[in-house]
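Read the figures in this text as sums done on the coordinates, not as results from a lab. Because the structure is predicted, anything quoted here is derived from the model rather than measured. With ideal geometry, Cβ positions are generated from the backbone for all residues, glycine too; neighbour counts draw on all protein chains shown.
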Amino acid sequence: MPDIHKIPRGKKMKNILLSSAAIALLAGAASAEVTWSGDAEIGYNDDYEDGFYWDAGLYVNMSQELNNGWTASAQLDIDLEDSSQGSTFSLGDVNSSDWVVSISNDMFGLSFGDVDTAYASFNGVSALYDNDFFAPMDEADDWNDVAIDFIPGDGDSTTAGDDTFVYPSVDGGILVTANYGMFSGAVSFVSIDGEVDETGQVALAADFGNFTAGLFYAENVGVDGNPYSFELSNAGEQNGGTPDEFEDAIFYDDMTVLTLGTTFGGADFTASVMDYLDETGYGLEVSYPVGPVTLGAYYVSYDSEEGYGISADYSDGPITVAAYFQEDFFGAQEYAVEGAYDFGMGLVVTAGYIDGDDDGTLGDKDGDDDFAAYIVAEYDLGGGATFLASYADANSVAAESTDDIDTGVGGYELYSGATLSLSFEF
């Protein structure tokens, strides 16, 4: 190493500047962060896919501190799976999803990709505006499942069997968020084939101490394949309508919701008013804690139709119990009793019974798909590893056809029949 005292003054200054620049570059590099994580699962079910199933995933999160308090970040999910029999456990399919790029500071955020929409940040009496018959999109990816156009068949058929539905190509979503003091807001658009027309959503909220207020607006909220659209059009494939009439049975309209919340006497009250399809809906929800028990109830009304629900949740020590009963706008009822017991040392047993009106006549709009009697034993092996044994007896058309049973306690997604699985998180 040269003796710095023997270097000429100009050359010494040059070395000092170069060293300072290197330190600055190293400091910048240190502020960047890239993390990898993953998960994997292998299981056996006596009903699902005739036996074994497996999958794995990789997750990448990247962030970089910028000037003036801004941070750039990106995330990506890479799904690796091939559950087909005879594949010798080869993870042959690689699918990427949930790609999001964002830039944000303490007040503002801008994200693009598979983002949540503005609706995801809105709170109100959800049974009024988010149900089996109409609901705003809460993720950009949801638009992939919505037909944006309809091409009738040759007209010779009395049903829509030879018709064509045109589904969009979703480029990604754009989400802008902001918060200042007691106010917050979000605006989102979804780019479909390069266009963002009629996909906008706006959610605004204000916190005034004992009161909260919110406003939500969404373009093109769909009523698709349910009794309400049949009532309006007196058509639809399931009503034996012609192809031209079936086109009229798919409705989209803008939705506006106002909500107000407060706390009084220890109870939380929320009231919402909705304007949709030239009709006004109303909703009231209350939640009241009594020791370890939380009691809840709601009532909603829309276009002379009514819905209501009651619930009770108990959580104390190792015991968790939840029960509810609800009836939607068209009289379909659903109820559930579920509970869990934590035995300690990593073992939790969960069981429940979920049931509702579901005869399959309305397809994916015929209630939910999570009706079953079930029991789950989950054992935490430590280090992100878990062993699970479950049995679920599906008692609905939807659950039997999709092998998808969602529990209210524990947040499990179960297959019908008996299942043994081992999962890992890294």
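Averaged over residues, the count of other Cβ atoms within 10 Å places the peptides 177-190, 282-295 in the sequence 177-190, 282-295, highest first.
Taking amide H positions as modeled 1.01 Å from N, with prolines and chain starts lacking one, the residues under 5 Å from Asp47 and 5 or more places away or on another chain are Ala418.
Packing-wise, with mean Cβ within 10 Å as the measure, how do 348-354, 32-38 rank, highest first? Don't jump to the answer; show the numbers that get you there.
On the way: 348-354: 19.6, 32-38: 11.6.
For the peptides 348-354, 32-38, the packing ranking is 348-354, 32-38.
Net charge near Ser315: determine it from the other residues with C-beta under 15 Å of the C-beta of Ser315, scoring Lys and Arg +1 and Asp and Glu -1. Provide the component values of the computation, followed by the final result.
On the way: positive: none; negative: Asp313, Asp316, Glu338, Asp342.
Once all neighbours under 15 Å are counted, the net charge is -4.
Segment Tyr379..Phe108, full-extension length gain: 93.4 nm, with 0.36 nm per residue of separation and the alpha-carbon distance subtracted.
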